[in-house]
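Heads up: the structure comes next, in structure tokens.
The values are calculated or read from the model by the stated rules, or taken from the named source; none is laboratory data. This structure is a prediction, so every number in the text was calculated from the model and none was measured. So basically every Cβ, Gly included, is an ideal-geometry build from the backbone, and we count neighbours across all protein chains shown. Calculation scope for accessible area: heavy atoms of the full protein, side chains included, ligands and nucleic acids excluded. Shrake-Rupley method; radii C 1.70, N 1.55, O 1.52, S 1.80 Å.
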Amino acid sequence: MWIVTLKNRYKFVDNYKNPLTGKFQEVSCTFGKNNREVRKEAQRILDEKIRKKLTELKSGNTDITFSQLVDKYLELAKKQLAYNTWYRKKTTLEKIVNEWGPNLIARKITSQYINKYLDNMLYNSEHPYANETVNAYKSCISVVYDLGIRYGYITENPVNNVKVSWKSQSQKRRDEIENKYLEDDEYAKILMYCDENKRQDLKDLFIWMYNTGMRVGEVAGLQKKNILEDKDGHYFARVNGSLIAIRNTDPDKRHIKTKNAKSFAGDRDVYLTPETAQMAIRHCKGKKANDYIFKNEWPTSLGYWNESKINLVLKTIANDKDIHKNLVTHIFRHTHVSKLAEQGWPLNVIQHRVGHGNSRITRQIYLHITKKVKNAAIQRLNDFPDSDTILAETKKAEKMKVI
């Protein structure tokens, strides 16, 4: 779907391939606003229009292969998705095609075939996958079929009837929330490692993510012009893109900053703590407006930060400092959420600050922390002075005055 701006109106347009002519045709609808809710409703209307038109054409029994559908989906998705999201889907779908083979006709693949494939991933004795990973595979297969239906190549999505035999993860879910964020001593150990290895650049990066909840790509993409001061003298960082690496390109041209953040909610202003405000001033000194303010000082880095390599460093830190958690860059983001929850920030304000339209993990961490704070408060009620004690102490004090 794309949007055409008209006078006081917005035209939402999508296309589909007419199976009789082999050419693309457009459908459209107009609204007076352009926000997330409107875009969602517009997409629903356009999908329904396309469905009706394809039904009228009575097509959908082509012998297109699943591999060919994947190619068509990836070509379209590359124009719609953030690069890293598109690349993850591309990697997943290429793995599926490699395992299924290139010649499976899409309409002949049954829900039972897909069910067996996904169940085998879950319960493979040599390399079992987690529920979340298998669900991502299922989602990728489904979006490919949805495109096939929209463009008139097939009529049904077999994934709709897939019932995966999910593994029980009740204990894992009970344990996982506290493993999603850092305790104060664990955070301190990470900073200690940076000091011991003379990596002030890494230390500043970790401190910034801990204090702001920003994604590592958002931090890496911060330019001097993105550090601003409001009329009251408060500093904030304007998040409007992420630094990403384009695979298989010239190393000197590989790193680019996207035009927008990861999601609609991602474009935001993040007010800085005193610690990060001073850090921003220090890092901006002597730089030009378009210069990135956080530089990777490692000799072979070309000055850019790479999330996967930072995660490798964090694995080393976890082993060195005996931290029994899955240390990845996102843990600083989750830790920031936990700290805000401890301070009593409302969930919707936290979500806006970290650029989450909707996040299961953010919500779970928030509820977990607020429950801990509530329980601690209830425990403190045991020390609340009772009326008889206050009365007795007051009488005693009054008696002492008389004497």
Next item on the list: Go through the stretch 321-376 and give me each residue that's under 14 Å from the mean Cα position of the chain (by Cα), farther than 26 Å from LEU191 by Cα and outside any helix (DSSP H, G or I).
Entry: HIS356, GLY357, ASN358, SER359
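Let's see how each residue does on (1) β-branched (Val, Ile, Thr); (2) at pLDDT 90 or above; (3) more than 30 Å from LYS257 (Cα to Cα):
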{"site": "ASP63", "(1), (2), (3)": "no, no, yes"}
{"site": "LYS72", "(1), (2), (3)": "no, yes, no"}
{"site": "LEU81", "(1), (2), (3)": "no, no, no"}
{"site": "LYS90", "(1), (2), (3)": "no, yes, no"}
{"site": "PRO102", "(1), (2), (3)": "no, yes, yes"}
{"site": "TYR117", "(1), (2), (3)": "no, yes, yes"}
{"site": "ASN124", "(1), (2), (3)": "no, no, yes"}
{"site": "TYR137", "(1), (2), (3)": "no, yes, no"}
Note to self: Can you tell me which residue is modelled with the lowest pLDDT among those in the stretch 149-181 that are open to solvent by less than 60 Å² (accessible area, probe 1.4 Å) and under 16 Å from VAL328 (Cα atoms)?
What the structure shows: GLU176
Next item on the list: Could you tell me whether the stretch 66-75 includes any residue that is hydroxyl-bearing (Ser, Thr, Tyr), in contact with a Lys or Arg (Cβ under 6 Å, 6 or more places away or on another chain) and surrounded by 14 or more Cβ atoms within 10 Å (Cβ to Cβ)?
Entry: no
Notebook entry, point to check: Just for the stretch 215-247: of the residues that are assigned to a helix (DSSP H, G or I) and not aliphatic (A, V, I, L, M), which one is surrounded by the fewest Cβ atoms within 10 Å (Cβ to Cβ)?
Noted result: LYS225
Notebook entry, point to check: Residues ASP184, ASP204, ASP146: which one is over 24 Å from ASP119 (Cα atoms) and open to solvent by 30 Å² or more (accessible area, probe 1.4 Å)?
Noted result: ASP184
Next item on the list: Only residues in the stretch 363-382 that are closer than 22 Å to GLU176 by Cβ count as the first member; pair them with residues that are open to solvent by 90 Å² or more (accessible area, probe 1.4 Å), Cβ under 9 angstrom, at least 6 apart or cross-chain, and list the lot.
Entry: GLN364/ARG173; ILE369/GLU342; THR370/GLU342; LYS372/GLU342; VAL373/GLU342
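Of all residues in the stretch 192-201, how many are of a type in the set (Asp, Glu) and either crowded, with 20+ Cβ neighbours inside 10 Å or touching a residue at least 24 places away in the same chain (Cβ under 8 Å) (or both)?
Residues of the stretch 192-201 that are of a type in the set (Asp, Glu), as a first pass: 195-196, 201.
After this cut, where a residue has to be either crowded, with 20+ Cβ neighbours inside 10 Å or touching a residue at least 24 places away in the same chain (Cβ under 8 Å) (or both) as well, the list is 201.
Qualifying residue count for the region: 1.
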Notebook entry, point to check: If GLY22 satisfies every condition in (1) open to solvent by 100 Å² or more (accessible area, probe 1.4 Å); (2) under 18 Å from LYS72 (Cβ atoms); (3) in a loop (DSSP other than H, G, I, E, B) but one, which is the exception?
Noted result: (1)
